[in-house]
Amino acid sequence: MSAMPAPTWRWLRMNDTTIEIPQGLERVGGTEIEAEDALLDTTATFEGAVAELQERLDAARGGRGEKSGTADSRASVRAAKLAAEDIADLDTPALSRYQRRAALEEDAGDVAAAFETGIGADARAYLGFIAGGAITLATEAGAEGQATVRITGEQGGAAAASVDVVAAAGSTFDLAISLDGVGEDEPRADSSTTATPASTNTTPAEGADSPASEPLGLIGSELRVFAGANARVNVTVYITASDAFTALDDSGYVLDEGARVTVRHVVLGGAHTATGLAADLRGDSARMDIDTRYLASAAETRDFNYVIRQRGRKTVSNMDANGVLTGRAKKVLRGTIDLVHGCKGSEGTERETVLLASKGVDNKTVPVILCDEDDVAGNHGATIGHVRPEQLFYLGCRGLSEEATEALFITAKLEDAALSAPDDAMRRNVMRLGSALAADFEYFEDEDLEEDVA
């Protein structure tokens, strides 16, 4: 995975991630899709929706590339074209490989060729192979729809889902994705029982601070979303697998004029997780909001790669991440907002708040703003800190040890995820995971949750 154009990040080993896949995995059918027949019974395709958008863009632009009535005459584009033809010209600026690719991409104006996902083409192909083919969910113009995709892992197996969403103009679509899996020695939450905490003390459960076990299975989701003109799309992803699994969550979005997309990532479990999202705000006044909540304990790793390219005029993007790291966990979050030439009046903002609840954690926060246009606004910031000594002293005076305090932060993150879970099944997954991480994790019955939410 790569988000950065500058070599400095590569020298600091913050630019790329090698995703290790457990060997000897067998494809397993651990995918369940809950959706209305009207959403599944469709002739719409992601490629077809992109092609229709391309036709409208070409008509407004008068063609593509050199055939366009408004061909790009900037020096950077001229230099990129000469470099592509291996022609040396001392009167043109020198460009990096990233700049050459970006310039040619902007000049071509090809939506399909520019489409990308957050983890990359290799991971997309692998997940597509594991899934055995993509399923398309599509709404009619002005209609409403909702669907849930559940991917449940098995030790020794690889389970994945490949889903295309086509939200027609003026429609509303809600999608929930659950990535879950439990180890052989761990109880599985079901629809009729609720587990009970092993004890009532305030210390982390046994093994909570020990290194995560070697992953024995893989779960993943591959998602492509086309949000039509003035469509509303809401996507929620919950990762609640045990530390016996590697989890991959890869997605790519294309937004038409006036589209609104809200994505919520809740990453709580898994030995190693990779979450990637790339968005192309192609239409004017499109908006993308990403809300990420994560927890990493023991020796777990979390890797996030978000890339938002704002190409339309007056587009808006927001990335907001909030997480807790404990034990010897490692986390990298790369957030890139690319204000592409032509996106006048656009604004992009990225923020992250990280609580380092243990001294042994490793956190890397890499916010990046790329800008090739005036009359735009790019904002980024991060708040990263440990629990202050005076806070530990205050809690210690009330009988809480440092380990118990750490458990409180874990419990708070899990309770928040349980209260806001899309459905009861995902809520039970959070509860099961909570009992493994903190022995005093408080369980809620469904009616208690409903009262708290109210």
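The values are calculated or read from the model by the stated rules, or taken from the named source; none is laboratory data. Since this is a predicted model, take the numbers as computed values, not measurements. Don't worry about glycine lacking a Cβ; one is built from the backbone with ideal geometry, like all the others, and counts go over all protein chains shown. For the accessible areas, the whole protein counts, side chains as well, though only heavy atoms, and no ligand, DNA or RNA atoms are used. Shrake-Rupley method; radii C 1.70, N 1.55, O 1.52, S 1.80 Å.
Below 8 Å, C-alpha to C-alpha, sequence gap of six or more: please give me the relative contact order for the range 371-442 in percent.
In percent, rounded to a whole number, it is 22.
How large, in Å, is the range 74-139 by the Kirkwood hydrodynamic radius built from its alpha-carbon pairs?
Its Kirkwood hydrodynamic radius stands at 14.5 Å.
For the range 91-140, which whole percent of the accessible surface, found with a 1.4 angstrom probe, sits on carbon and sulfur atoms?
Roughly 52 percent, rounded to a whole number.
Per residue, how much accessible surface does the range 362-444 expose to a 1.4 Å probe? Answer in Å², no decimals.
47 Å²
What's the percent breakdown of Cα-Cα distances in the range 331-448 across 5 Å bins, shortest bin first?
2, 9, 14, 12, 13, 14, 12, 9, 7, 4, 2, 0
Say each of residue 108 and residue 125 gets a label point 7 Å from the Cα, pointing the same way as Cα to Cβ; how far apart are those two points in nm?
1.7 nm
How much accessible area per residue does the range 26-153 have, in Å², with a 1.4 Å probe?
Value for the range 26-153: 58 Å² per residue.
Restricting to lysines 8 or more places apart or on different chains, can you count the pairs in the range 243-367 with Cα atoms under 26 Å from each other?
Lysine pairs meeting the criterion: 5.
At what distance in nm do the modelled label points of residue 320 and residue 423 sit from each other, each positioned 7 Å from its Cα along Cα→Cβ?
Result: 2.6 nm between the two label points.
Work out how much length residue 408 to residue 144 would gain on full extension: take 0.36 nm times their residue separation and subtract the Cα-Cα distance, in nm to one decimal.
Here the answer is 91.1 nm.
Please state the equivalent ellipsoid semi-axes for the range 32-129: what are the square roots of 5 times the Cα gyration tensor eigenvalues, largest first, in whole Å?
Result for the range 32-129: semi-axes of 36, 20, 8 Å.
Could you give the length gained by full extension between residue 14 and residue 55, i.e. 0.36 nm per residue of separation minus their alpha carbon distance, to one decimal place?
Stretched out fully, the residue 14 to residue 55 stretch lengthens by 10.9 nm.
Which distance in Å, rounded to a whole number, links the C-alpha centroids of the range 35-52 and the range 394-419?
46 Å
For the range 288-330, report the accessible area per residue in Å² (1.4 Å probe, heavy atoms, rounded to an integer).
24 Å²
Quick one: pull the percent of accessible area on the range 227-378 belonging to carbon and sulfur, 1.4 Å probe, ligands and nucleic acids left out.
Answer for the range 227-378: carbon and sulfur cover 43 percent of the accessible area.
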